[in-house]
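Below: the structure, in structure tokens.
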Amino acid sequence: MEEMIRIENLVFDYMRDEDQEQVSAIKGVSLTVEKGSFTAVIGRNGSGKSTLAKNINALLLPSSGVVYVNGYDTAKEEYIWEVRQSAAMVFQNPDNQIVSSIVEDDVAFGPENLGIAPEEIRQRVDRSLKDVNMYQHRKKAPHLLSGGQKQRVAIAGAIAMRPECIVFDEPTAMLDPKGRGEVMSIIRELHEEGITVVLITHFMEEAAQADRIIIMDQGEIALDGTPRQVFSNVEAIRNMDLDVPLPVELCHRLRTRGIDIPETIINMEEMVEFLCQYK
Ligand SMILES: Nc1ncnc2c1ncn2[C@@H]1O[C@H](COP(=O)(O)OP(=O)(O)OP(=O)(O)O)[C@@H](O)[C@H]1O
Ligand SMILES: [Mg+2]
């Protein structure tokens, strides 16, 4: 296994502006993320998900502990571009990420900062916009686009940097169901093409699509495993103020009423398969 991310005993404290009190956001997290994997990170508000993500992108540096991205220690200033180029980030609000008044200029922004030659930038911009199905909108002003389209432009901007890994921090939170579906299908495609995906999400159905789910709770990792392993802890997940996917919830309720239904069902398709045995 090749490691994309290695986090060793990460502690991160914020200093609160109002009262200069220390807020402990990450309290000792260790984890490795394999190259090419698709990991979802879930957890209630304030559990430390965004803080973890920003430590992967060197937007924040550890209070203690070490974060390696593609082998580069994020705390070493000389590696900052290697780190940011290896692991790009896409945030929740597309409006805060779009910096230019024309779609294609926006996508060019990342590679320009990496010092890529203009000819190569041109090719990357076109390719990235095609990948997210926004090429036909390349000359438009971003503010004329829907939320989902803007988020796809932001993703194109990340892809144009040719990162090995993309960390998505609730990329679908501000989108309508159609926009959410479009963004999720792009995320799945990127994973299929070999990009390492870390997806922070509030949507359990999105998390269920990953190979691995990490649940953060109060700055620590509470659960870590395949969706099947993690979602078998229905009570523990509820105690962390989180939901489980609807099919998991349904199976759990049926089981508590004495129906003999396997613990392995985590999505609609498997639920349907199971029910069809009785037709
Ligand atoms: N800039 C900041 N200054 C002080 N405290 C902060 C700052 N940003 C976050 N925190 C605190 O750190 C903790 C973790 O916050 P973080 O944003 O990482 O959580 P999160 O899991 O991403 O939450 P959400 O689901 O709301 O996005 C919270 O207690 C939060 O209040
Ligand atoms: Mg957050």
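The values are calculated or read from the model by the stated rules, or taken from the named source; none is laboratory data. Only a predicted model underlies this, so the values are computations on that prediction, with no experimental measurement involved. Here Cβ is always computed from backbone atoms with ideal geometry, including for glycine, and neighbour counts include all displayed protein chains. Protein only, heavy atoms only, side chains kept; ligands, DNA and RNA dropped before computing areas. Shrake-Rupley method; radii C 1.70, N 1.55, O 1.52, S 1.80 Å.
Remarks
- The C-beta contact set for the range 137-148 (first residue among the hydroxyl-bearing types (Ser, Thr, Tyr), second residue part of a helix (DSSP H, G or I), distance under 9 angstrom, 6+ apart or interchain) comprises Ser146/Lys178; Ser146/Gly179.
- Scan of the range 67-84 for residues that are touching a residue at least 60 places away in the same chain (Cβ under 8 Å) and polar (S, T, N, Q), ordered by number: Asn70
- Inside the range 53-73, residues that are out of contact with any Lys or Arg (no Cβ under 7 Å at 6 or more places or on another chain) and either in a loop (DSSP other than H, G, I, E, B) or not aliphatic (A, V, I, L, M) (or both) make up a count of 12.
- Enumeration of residues in the range 56-83 that are in contact with a Gly (Cβ under 9 Å, 6 or more places away or on another chain) and under 30 Å from Leu144 (Cβ atoms): none
- The number of residues in the range 1-21 being assigned to a strand (DSSP E or B), modelled with pLDDT under 95 and closer than 24 Å to Ala87 by Cβ comes to 0.
- Residue in the range 124-141 that is assigned to a strand (DSSP E or B) and within 22 Å of Asn70 (Cβ to Cβ) present: no
- Any chance Asn113 is under 24 Å from the mean Cα position of the chain (by Cα) and open to solvent by 20 Å² or more (accessible area, probe 1.4 Å): yes
- Close pairs from the range 20-46: first over 26 Å from Asn239 (Cβ atoms), partner within 9 Å of ligand 1 (Cβ to nearest atom) and open to solvent by 70 Å² or more (accessible area, probe 1.4 Å), Cβ under 9 Å, at least 6 apart: Glu21/Met15; Gln22/Tyr14; Gln22/Met15; Gln22/Arg16
- Qualifying position, being at pLDDT 95 or above and in a helix (DSSP H, G or I), among Glu104, Glu112: Glu104
- Among residues of the range 85-99, those that are in contact (Cβ under 8 Å) with a residue 60 or more places away in the chain, open to solvent by 30 Å² or more (accessible area, probe 1.4 Å) and in a helix (DSSP H, G or I), counted: 1
- Sole residue being open to solvent by 10 Å² or more (accessible area, probe 1.4 Å), of a type in the set (S, T, N, Q), in a strand (DSSP E or B) and within 12 Å of ligand 1 (Cβ to nearest atom), chosen from Ser50, Ser24: Ser24
- Residues of the range 255-268 that are surrounded by 13 or more Cβ atoms within 10 Å (Cβ to Cβ) and aliphatic (A, V, I, L, M): Ile261, Ile265, Ile266, Met268.
- Condition met for Pro163 (out of contact with any Ser or Thr (no Cβ under 7 Å at 6 or more places or on another chain) and either more than 16 Å from ligand 1 (Cβ to nearest atom) or within 27 Å of Ile221 (Cα to Cα) (or both)): no
- Criterion: more than 18 Å from Val167 (Cα to Cα), away from ligand 2 (no atom under 16 Å from the Cβ) and charged (D, E, K, R) - qualifying residue of Glu34, Glu21: Glu21
- Lone unmet requirement of (1) more than 8 Å from ligand 1 (Cβ to nearest atom); (2) exposed (fewer than 15 other Cβ atoms within 10 Å of the Cβ) for Leu10: (2)
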